[in-house]
Amino acid sequence: MTNKKHTSPLAAVQELAVLTGAVAIIAAAVYFFLVPSHASVSSISGLGIVLANFVPLPLSAITMILNVVLLIIGFLTCGREFGAKTVYTSILLPLFLALLERLFPGIGSLTDSQELDVLCYILVVSVGLSILFNRNASSGGLDIVAKILNKYLHIELGRAMSLSGICVALSAALVYDKKTVVLSVLGTYFNGLVLDHFIFDHNSKRRVCIITKKEEVLRRFILDDLHSGATVYESYGAYNMEKRREIITIVDKAEYQRLMNFMNREDPQAFITVYTVSDMRYQPKT
């Protein structure tokens, strides 16, 4: 028997609204900050800005054409869910750009600084991209390449964005001066760092390992108060080979703070080690 996952109409509308809002953020970042800067920062729109100097088409049309090509590749490699969502966002992004082109023709720099334009673009676009990536979607273009690298080579999304975007950044050398090329390369690098911050700060948890004399009290607190799970391991101290039991649990930020407050109150002398966890997977038996 096959279990099919059904999505309620309300959930589907909410998902659509989130995706639309994320794409609107990305389009605004591109049009109001990336276009005036002339930089080519880690995006298919950045490549479109360069190509617009050679092709007699508006940025929105160039972005649409490039997105369609990469969209087909993404659909074939990353699955139907990724493809279906990205079909919507890939089409929506050029439409938003076309709307902004019509509403704000010939927009200039809002900051009167090329460097500030690039910085604002990185900060704003990373918000939109992180929303899409956490929804298993993409705005199309180089995001698809990054998702493929993440899936098959297990490269962090931010780093994958940097790798796929460096060639686009260097393409600015075909049209613009050295300063713009340097800004494009640096912007691509920092865009990856900021994207990693948004994604992994949202998803990261902490793996807490505790050796305490109040083992049973701690175990009940984790199970009953935090409503989390835990694993108990037997361990031996290397100095005197004394037998101890170590409790390991994985908690989010709020749970971690509650857990530390509890331990400070119940057993300040407990031995605790903490690790950051950004990816957790369960492999079911077949």
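The values are calculated or read from the model by the stated rules, or taken from the named source; none is laboratory data. Please read these numbers as outputs of a predicted model, since none were measured by experiment. Note that we place each Cβ from the backbone using ideal geometry, even for glycine, and neighbour counts take in every protein chain shown. Only protein heavy atoms, including side chains, enter the accessible area calculation; ligands, DNA and RNA are left aside. Shrake-Rupley method; radii C 1.70, N 1.55, O 1.52, S 1.80 Å.
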Would you mind getting the accessible area per residue of segment 102-164, heavy atoms of the protein chains only, 1.4 Å probe, in Å²? 47 Å²
Semi-axes a, b, c in Å (a largest) for segment 134-258, each sqrt of 5 times a Cα gyration tensor eigenvalue, come to 46, 16, 13
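In the chain, what percent of the accessible surface is made up of carbon and sulfur (1.4 Å probe, ligands and nucleic acids excluded)? Intermediate results must be reported in sequence, preceding the final value.
Working: 9940 of 16130 Å².
For the chain, the apolar C and S fraction of the accessible surface comes to 62 percent.
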Cβ crowding within 10 Å averaged over residues, with 184-197, 47-60 ranked highest first: 184-197, 47-60
Below 8 Å between Cα atoms, with a sequence gap of 6+, how large is the relative contact order for segment 183-271 in percent? 34 percent
Kyte-Doolittle mean at least 0.5 and Cα extent at least 18 Å along the axis: which DSSP H helices of the chain qualify? 9-29, 59-78, 80-103, 114-134, 157-170
In percent, what relative contact order does the chain have, based on Cα pairs under 8 Å that are 6 or more apart in sequence? 20 percent
Past the 37 angstrom mark, what percentage of all C-alpha to C-alpha distances in the chain do you count? 32 percent
So if I restrict to the alpha-carbon atoms in segment 16-56, what is the Rg, and what is Dmax, the biggest pairwise distance, in Å? 11.6, 36
